[in-house]
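Colleague: For reference, the structure I am asking about is given below.
The values are calculated or read from the model by the stated rules, or taken from the named source; none is laboratory data. Note that the coordinates shown come from a computational prediction; the quantities given were computed from them, not determined experimentally. Because the Cβ atoms are built from the backbone with ideal geometry, glycine has one as well, and the counts that use them run over all protein chains shown. Surface areas here come from the heavy atoms of the whole protein model, side chains and all, with no ligands, DNA or RNA. Shrake-Rupley method; radii C 1.70, N 1.55, O 1.52, S 1.80 Å.
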Amino acid sequence: MTYTRDRHTTQAGFGPELRERVARALAPDPSLVVRTGTYVVDPPFFGDGDIGRLAVCGAVNDLAATGAEPRHLALGFVLEAGLPLDLVHRLTASVRAAADEAGVAVAAVDTKVVRAGEADRVFVTATAFGERGGPPLELAAVRPGDSIVVTGPLGHHAAHLLSLRDGLGYEHHVPSDCAPLGCLLRTVRADIRHARPVADGGLAEVLRLSAGGRGLTLRVDEDALPVRYEARVALATRGLAPLDAACAGCLCLFVPPERTPRVLAALRGHRYGRHAAVVGQVTDDALGDVEFVTRDGVRPRAPSAGPLPERLL
């Protein structure tokens with residue numbers, strides 16, 4: 001587990017050693033893959049989704065990005081006393097619909113109720129279970145020359161929520177991109193080296209972790225980033241750049257250069273990949289950093305000037 005404050009990320013006790021222990025525990029069935037996440041969002045019910053859909057999609061996408069096939073979900077809900085019954089019905093219907101769309105079965109559910117004011121209506125923990133059907137999409141497989149591809153526009157989820165919270169009026173033009181991406185990833189899995197969901201922290205965080213973990217420098221063309229005008233304007237009201245903005249239905253893929261045209265064609269033929277774009281390339285520089293190509297040249301990039309919005313995912 002990592003704890004992030006003031007843009008500095010620190011290990012807080014659950015690091016790679018825990019993952020190794022879990023892997024040993026699952027050794028009798030190495031094909032089993034498990035991913036879990038806890039989801040909070042403000043507001044928990046938004047224009048084209050809610051925290052239930054967000055939790056299902058987040059867990060499924062996290063597992064699918066490993067190269068495994070999602071099969072089952074276990075869900076835990078913490079509900080605030082007094083939550084209107086119609087919102088509870090909306091939440092359960094949303095979870096069922098998202099699970100059906102993702103092709104997974106909800107195998108276990110637990111619910112707890114806390115006193116009013118202690119949960120901001122609802123929190124959700126989701127655990128996805130899947131089967132390894134082929135080689136894992138590991139970061140170690142990334143090579144110099146690989147293309148960096150994003151499967152959709154950046155910052156839609158963050159822009160939608162910020163617009164709702166601040167009354168900006170952009171939420172009707174920039175819907176949340178929350179979506180299960182297992183099916184999308186399945187269409188290109190054989191042609192990619194590595195995949196990561198673009199979630200809280202945005203694409204900038206994904207690139208930073210990938211560059212540092214692989215020990216290679218990633219070069220990104222800022223003009224190639226797919227960002228809608230309305231999303232950019234909504235994010236700018238809080239001093240947030242699209243690169244730092246949370247997404248809920250976008251993947252960052254690392255693709256061999258000779259397979260990139262085929263991957264793009266497959267992605268753009270899917271409803272959740274119509275705006276897929278090549279945004280950069282892996283270089284052979286062992287610095288393990290991220291460089292951004294702008295009209296003024298190549299430079300490192302500072303984080304957004306404004307405060308990072310809390311509780312987007």
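Colleague: How many residues, within the range 130-148, are part of a helix (DSSP H, G or I) and over 27 Å from Val56 (Cβ atoms)?
Modeller: 2
Colleague: Given the options Arg271, Arg295, name the one that is among the basic types (Lys, Arg) and modelled with pLDDT under 85.
Modeller: Just a single option satisfies the conditions, and that option is Arg295.
Colleague: Please find, within the range 110-126, the residue that is farthest from Ile192 (Cα to Cα) out of those that are assigned to a strand (DSSP E or B) and open to solvent by less than 30 Å² (accessible area, probe 1.4 Å).
Modeller: Residues of the range 110-126 that are assigned to a strand (DSSP E or B), as a first pass: 110-114, 122-126.
Next, only the ones that are open to solvent by less than 30 Å² (accessible area, probe 1.4 Å) stay: 122, 124, 126.
Values: Val122: 37, Val124: 31, Ala126: 27 Å.
Among those that are assigned to a strand (DSSP E or B) and open to solvent by less than 30 Å² (accessible area, probe 1.4 Å), it is Val122.
Colleague: How many residues are within 20 Å of the chain's Cα centre (by Cα) and over 18 Å from Arg165 (Cβ atoms) when one looks only at the range 223-240?
Modeller: Matching residues across the range 223-240 total 5.
Colleague: In contact (Cβ under 8 Å) with a residue 40 or more places away in the chain and within 14 Å of the chain's Cα centre (by Cα): is that true of Val33 in this structure?
Modeller: no
Colleague: Has the range 38-52 got any residue that is of a type in the set (A, V, I, L, M, F, W, C), surrounded by 15 or more Cβ atoms within 10 Å (Cβ to Cβ) and in a helix (DSSP H, G or I)?
Modeller: Yes.
Colleague: Within the range 222-251, count every residue that is touching a strand residue (DSSP E or B) at 6+ places or on another chain (Cβ under 7 Å) and over 25 Å from Ala140 (Cβ atoms).
Modeller: Qualifying residue count for the region: 4.
A quick yes/no check of all residues on (1) closer than 26 Å to Pro175 by Cα; (2) modelled with pLDDT of 95 or more; (3) among the aliphatic types (A, V, I, L, M):
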{"position": "Gln11", "(1), (2), (3)": "no, no, no"}
{"position": "Arg21", "(1), (2), (3)": "no, no, no"}
{"position": "Gly58", "(1), (2), (3)": "yes, yes, no"}
{"position": "Leu73", "(1), (2), (3)": "yes, yes, yes"}
{"position": "Ala81", "(1), (2), (3)": "no, yes, yes"}
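Colleague: Filter the range 55-88 for residues that are open to solvent by less than 10 Å² (accessible area, probe 1.4 Å) and part of a loop (DSSP other than H, G, I, E, B) and give the result.
Modeller: Of everything in the range 55-88, those that are open to solvent by less than 10 Å² (accessible area, probe 1.4 Å) and part of a loop (DSSP other than H, G, I, E, B) turn out to be Ala65, Gly67.
Colleague: Can you tell me how many residues within the range 130-188 are out of contact with any helix residue (DSSP H, G or I) (no Cβ under 7 Å at 6 or more places or on another chain), closer than 28 Å to Pro43 by Cα and either free of Cβ contacts under 8 Å to residues at least 12 places away in the same chain or open to solvent by 30 Å² or more (accessible area, probe 1.4 Å) (or both)?
Modeller: 6
Colleague: In the range 210-235, how many are in contact with a helix residue (DSSP H, G or I) (Cβ under 9 Å, 6 or more places away or on another chain), among the hydrophobic types (A, V, I, L, M, F, W, C) and assigned to a helix (DSSP H, G or I)?
Modeller: The qualifying residues number 4.
Colleague: Another question, then. Suppose the filter is more than 30 Å from Leu83 (Cβ to Cβ), over 20 Å from the mean Cα position of the chain (by Cα), small (Gly, Ala, Ser) and at pLDDT 95 or above; does Gly145 pass it?
Modeller: Yes, satisfied.
Colleague: Got a number for residues in the range 267-295 being buried (at least 19 other Cβ atoms within 10 Å of the Cβ), over 14 Å from Gly152 (Cβ atoms) and among the small types (Gly, Ala, Ser)?
Modeller: Selection size over the range 267-295: 1.
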